[in-house]
Amino acid sequence: MVQDLKLFIAGEWTEGTGDDHYEISSPVTGEHIYNVPKASQVDIDGAVAAAREATEAMRHWTAFERAELCLRIYDLWQSQIDHVARILTTEQGKPLAEESIDDIAESADYFQIAAEDVKRLAGEVIPTTERTRRMFTVHRPVGVWAAITPWNFPVMIPMEYVGPGLATGNSLIVKPPEFTCWALLEIAKVFEEAGVPKGAISVIPGAGDIGEALVTHRGIDAVGFTGSSATGERIVSQMGLKRSIMEMSGNGPTVVTADADIQKAAEAAVYGAYYNAGQVCVATERLIVLDEVHDEFVEATMKAADVVRLGDPFDDNTNMGPLNNEATAEKMDRHMADAVDRGSEILVGGKRATGFPTDLYYEFTVIDKVPEDSAVSQEESFGPVLPILSARDDEDAVAVANRTRLGLQAAVFTNDLSKAFYYADRIRSGTVIVNDSTDTWETFQPFGGAAGTDTGWGRQRIDDFTGLQTIVFSLRDE
């Protein structure tokens, strides 16, 4: 049955005042699954006004009051996990049992962690030059955030902003893509039940024009963005002097050294390429293998690839579902054609799979002999592909890893501690994982791109959602 969704604005469910709507189909079946209204400027202005009022009230709450609110959200969330996970699979395509249930469960953790962190978010007393002067700092909420979030983790990534943002007294207007907004709107019912102040959280789905209206709005104090570097660059050019958290594209290199555990490296690389059908900013986008272990690694990778089971994401045996949208599938097609034209060898997969309800199911793909200048090496494919590049030695591997503008997360496999630090010290990446997949992360770890790359500056800790205020007292001279 087709769902007619509503916008969640200032604590109210509304069809909005716009004169248009989006019609969304499932990547799993191709069926029309929901309609969602397109917000107008009046709707956006109303959300911003309510958010400003809410954050002005919450800035006076104690940290313990805000923590208690976050814990209520966490507790109420638990009963909704299975239900919302099914919606997530329907609209996004990731496997229910293998991914969606854990995805929704982990999304709640941002509230539990933020509740603990905010109670320990302390200022400091600063020494002064005068005996009668006292100086100290406190953390204040930034104000109203616009969170522009992507379609690959349409509930989890918004909560990376909402959890710590709410805990520190901010209000947030979340703009998910129109074609993956159902699960987020469904979980927003938890915010109502938990007693979140009206206006503190709004959810307004839409395309780029809705995002632009938010990031350029004079009532927005800060922008949180997770998505492509191209879109992020446009946002930075538009938003003016607003605070920001920018988490953008990755092209994660995984280096396999001569002394690596080859089987473990192959299994991790395969996982990093098929998880969420490769639609992850920290997916294993490039595999850089030293020449002396290349053949052994390719053999191990082909065996490891047997674990991938493409199919109906509602089937418990499936661990890879369809791509989410046609634009991503077309990009995979282009990258495959370019790789072949440049002399790469497709060892397995390489094309769209047949016999499924939509044309978005893509074969898990392993490509060998990939040249550095190929599109699959230089760009973020965002699909289930494992490109294998070669390096002569450790120095060459570092050079290959760094010949990219996308320095988000990298991995290196080695059994030599000194060599692990050699790579960590030299790879230009915001995070370097040792002996695990690039698709490894911990909830609320410091996360963002390396300086000098096009991956943004990301978030470090909960105080990114606050502004530091200095208070100075002059005492009576007794």
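Could you check the spin-label model distance between D425 and T354? Points 7 Å from the Cα along Cα→Cβ, value in nm.
5.5 nm
Relative to a virtual label point 7 Å from the Cα of K198 in the Cα→beta-carbon direction, which members of the range 23-54 show backbone nitrogen distances below 12 Å?
Only 50-51, 54 fall inside the zone, counting backbone N under 12 Å.
With +1 assigned to the C-beta of every Lys and Arg and -1 to the C-beta of every Asp and Glu, and no other charges, what is the dipole magnitude of the range 277-340 about the Cα centre in debye, to the nearest 20? Walk me through the intermediate numbers first.
Working: 5 positive and 14 negative charges, 44 e Å.
Charge dipole, the range 277-340, about its Cα centre: 220 debye, nearest 20.
Expressed as a whole number of Å, what is the distance separating the alpha-carbon centroids of the range 266-341 and the range 422-462?
If we compute the Cα centre of each part, the gap is 21 Å.
Which number comes out as Rg/Rh for the range 348-388 once both Rg and the Kirkwood Rh are worked out on C-alpha atoms?
Value, to two decimals: 1.03.
Classify the range 276-379 as rounded, prolate or oblate from the Cα gyration tensor: take a ≥ b ≥ c as the square roots of its eigenvalues, call it rounded if a/c is under 1.5, otherwise prolate when a/b beats b/c and oblate if not.
Details: a/c = 2.02, a/b = 1.37, b/c = 1.47.
The shape class here is oblate.
Counting only helical runs of four or more DSSP H residues, what would the 222 nm mean residue ellipticity of the chain come to if each run contributes -39,500 (n - 2.57) and the total is spread over all its residues?
-11000 deg cm²/dmol
Once phi is turned into ³J(HN,Hα) by the Karplus curve 6.51 cos²θ - 1.76 cosθ + 1.60 with θ = phi - 60°, what whole-Hz value does each residue of the range 391-405 show in order, with x for glycine and proline?
Each residue's phi maps through the Karplus curve to give 9, 6, 7, 4, 4, 5, 4, 4, 4, 5, 4, 8, 7, 7, 8 Hz.
Taking every DSSP beta bridge that has both residues in the chain, what percent is antiparallel when rounded to the nearest 5?
Working: 25 of 63 bridges.
If I count the DSSP bridges inside the chain, around 40 percent turn out antiparallel.
Using C-alpha positions alone, give me the convex hull volume of the range 1-124 per residue in cubic angstrom. Display every interim value, and only then the final one.
Numbers: hull volume 17.7 nm³, N = 124.
It is 143 Å³ per residue.
Show me, for the range 225-241, the HN-Hα J-couplings you get by feeding each phi into the Karplus relation (A = 6.51, B = -1.76, C = 1.60, θ = phi - 60°), rounded to Hz, glycine and proline as x.
10, 10, x, 6, 5, 5, 5, x, 5, 5, 4, 4, 6, 9, 7, x, 8
Tell me, in nm to one decimal, what length is gained between N317 and T14 on full extension, where the rule is 0.36 nm per residue of separation less the Cα-Cα distance?
Working: separation 303, 0.36 × 303 = 109.08 nm, distance 3.91 nm.
Gain in length upon complete extension: 105.2 nm.
Can you report the principal axis dimensions of the chain using only the alpha carbons, biggest first, rounded to whole angstrom?
Answer, in whole Å and largest first: 79, 63, 39 Å.
Going by amide H atoms built from the backbone, whose H comes under 5 Å of the H on V223, apart from near neighbours?
Those lying under 5 Å, H to H, from V223 are A146, R243, S244, I245.
Checking the a/c ratio against 1.5 first, then a/b against b/c, what shape does the Cα gyration tensor give for the range 358-421?
On the way: a/c = 2.11, a/b = 1.87, b/c = 1.13.
Prolate, since a/c reaches 1.5 and a/b exceeds b/c.
Of all the accessible heavy-atom surface of the range 160-249, with the other protein chains kept in place and a 1.4 Å probe, what percent is carbon and sulfur?
Values: 1360 of 2640 Å².
That fraction is 52 percent.
Calculate the dipole size of the chain relative to its Cα centre from +1 charges on Lys and Arg beta carbons and -1 charges on Asp and Glu beta carbons; express the result in debye to the nearest 20.
Details: 40 positive and 76 negative charges, 385 e Å.
Rounded to the nearest 20 debye, it is 1840 debye.
Considering amide H positions built from the backbone, and no H for Pro or chain starts, which residues 5 or more places from A411, or on another chain, come under 5 Å of its amide H?
The answer is T254, V255, I433.
Using the Karplus equation 6.51 cos²θ - 1.76 cosθ + 1.60 (θ = phi - 60°), what ³J(HN,Hα) coupling, rounded to whole Hz, does each residue of the range 267-284 give in order, writing x for Gly and Pro?
Whole-Hz 3J(HN,Hα) from phi for the range 267-284: 5, 5, 5, 4, 4, x, 9, 9, 4, 6, 6, x, 8, 9, 5, 10, 4, 6.
Which cross-chain or sequence-distant (5 or more) residues have an amide H under 5 Å from the amide H of H21, H modelled 1.01 Å from N in plane?
So H21 has HN proximity to K38.
Hey, what's the Kirkwood Rh for the range 230-322 if you take every pair of different alpha carbons, in angstrom? Write down the numbers at each step before the final one.
On the way: mean 1/r = 0.0642 Å⁻¹.
Averaging 1/r across every pair of different Cα atoms and inverting gives 15.6 Å.
Compute the FRET efficiency between M1 and A207 as 1/(1 + (r/R0)^6), taking r as their Cβ-Cβ distance and R0 = 30 Å, and round to the nearest 0.05. Provide the component values of the computation, followed by the final result.
Details: r = 25 Å, r/R0 = 0.83.
Using R0 = 30 Å, I get an efficiency of 0.75.
Report the full-extension gain for the segment E395 to D436: residue separation times 0.36 nm, less the Cα-Cα distance, to one decimal in nm.
Details: separation 41, 0.36 × 41 = 14.76 nm, distance 2.08 nm.
Once the chain is fully extended between E395 and D436, it gains 12.7 nm.
The values are calculated or read from the model by the stated rules, or taken from the named source; none is laboratory data. Predicted model, so just to flag it, every value in this text is computed and none were measured. Neighbour counts are summed over all protein chains in view; Cβ atoms, including those assigned to glycine, are modelled from backbone coordinates with ideal geometry. Side chains are part of the model used for accessible areas, which takes the heavy atoms of the whole protein and leaves out ligands, DNA and RNA. Shrake-Rupley method; radii C 1.70, N 1.55, O 1.52, S 1.80 Å.
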